[in-house]
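Presented below is the structure to which this report refers.
Derivation of every value follows stated rules applied to the coordinates shown; laboratory data play no part. All figures in this text were calculated on a predicted structure; none of them were measured in a lab. Ideal geometry is used to build each Cβ from the backbone, glycine not excepted, and the neighbour counts take in all protein chains shown.
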Amino acid sequence: MTGIDTNILVRYLVNDDVAQHKKAAKFLKSLSPSHKGYICLVTFVEPIWVLESVYNISQEQIVEQFAVLLEAPQLSFQCREVLLSVVHSDLFKVDIADAIINKLSLAAGCGETKTFDKKAARLDGMTLL
């Protein structure tokens with residue numbers, strides 16, 4: 001298995017640097033179910049912020065792209081089941097990162113997750129401090 005950094009995913013998804021996009025695409029195509037690429041939680045969340053804030057890509061488009069990545073047999077994800085539950089839920093009322101924090105906290109057995117974020121507090125299990 002080979003770890004994948006945020007910048008590889010961003011270059012692959014946005015194709016803003018042709019040379020790096022080609023390298024990223026070639027690398028991702030070289031992966032297989034027997035030699036997977038590994039995407040940790042940080043590598044999953046960082047591109048979401050970059051795609052939204054730098055490239056002005058909608059959260060809906062980002063969720064669609066990441067849902068496809070999560071189903072790729074040549075990729076392995078830290079907490080894949082949690083991430084799948086997030087991309088297949090009603091994320092649009094909160095930030096994706098907040099939804100991931102909530103799902104991970106619930107999976108860890110937390111009764112609630114405290115936040116100052118009023119939007120995040122709309123999620124079951126998240127409450128305002």
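Just a few scattered comments:
- Debye, to nearest 20: dipole size of the stretch 1-127, +1 on Lys, Arg Cβ, -1 on Asp, Glu Cβ: 340
- Difference of contour (0.36 nm per residue) and Cα-Cα distance, Lys22 to Asp5: 4.5 nm
- Gain in span if fully extended, Ala108 to His88, counting 0.36 nm per residue against the direct Cα distance: 5.2 nm
- Put simply, the amide H of Thr113, placed in the peptide plane, has neighbours under 5 Å in Met126, Thr127, leaving out anything fewer than 5 places away on its chain.
- For the stretch 1-65, convex hull of alpha carbons as volume per residue, Å³: 80
- Counting only DSSP H runs of at least 4 residues, each contributing -39500 (n - 2.57), and dividing by the residue count of the chain, the helix-based mean residue ellipticity at 222 nm comes to -16000 deg cm²/dmol.
- Distance in nm between pseudo-label sites at Glu81 and Gln61 (7 Å out along the Cβ direction from Cα): 3.3
- Over the chain, the pair-distance histogram of Cα-Cα distances with 10 Å bins from zero comes to 12, 41, 32, 12, 2 percent, rounded to whole numbers.
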